[in-house]
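In what follows, a structure is listed as structure tokens, so that the remarks can point back to it.
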Amino acid sequence: MASKVLWADKALSDRETIFESNDKVSGLSYAKSEDAKIKRAVSTVKRNNKVGRNDLDERGYLYVLPKRYKILYRLTEEYIFIERVFY
């Protein structure tokens, strides 16, 4: 089971864009709260590598969080690559 998480540059950019958007629209506290949801979701993927569905995107697993975000990731023997974070 893969246990080390690596973030693609695009995923880091996605996360930053989401944070900035949430900060602008709803304030810093909300932006931090939403970013914490993304972090918890990645922790869930780390604990259970196959929590996402692998039939929705040919690039890997898609973990759909309740109500809002999706995390696209792929697995190797050693790593979990977070490819994208989006609405």
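Residue count for the range 1-59, restricted to those that are touching a strand residue (DSSP E or B) at 6+ places or on another chain (Cβ under 8 Å), open to solvent by 80 Å² or more (accessible area, probe 1.4 Å) and hydrophobic (A, V, I, L, M, F, W, C): 1.
Of all residues in the range 65-87, those being within 9 Å of the chain's Cα centre (by Cα) and open to solvent by 50 Å² or more (accessible area, probe 1.4 Å) number 3. In the set Gly52, Gly27, Gly60, only one residue is farther than 15 Å from Arg15 by Cβ and touching a helix residue (DSSP H, G or I) at 6+ places or on another chain (Cβ under 8 Å); that residue is Gly52.
The values are calculated or read from the model by the stated rules, or taken from the named source; none is laboratory data. All values reported here derive from a predicted model rather than from experimental measurement. Cβ sites come from the backbone with ideal geometry, for glycine too, and all protein chains shown count toward neighbours. Accessible surface areas use protein heavy atoms only, side chains included; no ligands, DNA or RNA. Shrake-Rupley method; radii C 1.70, N 1.55, O 1.52, S 1.80 Å.
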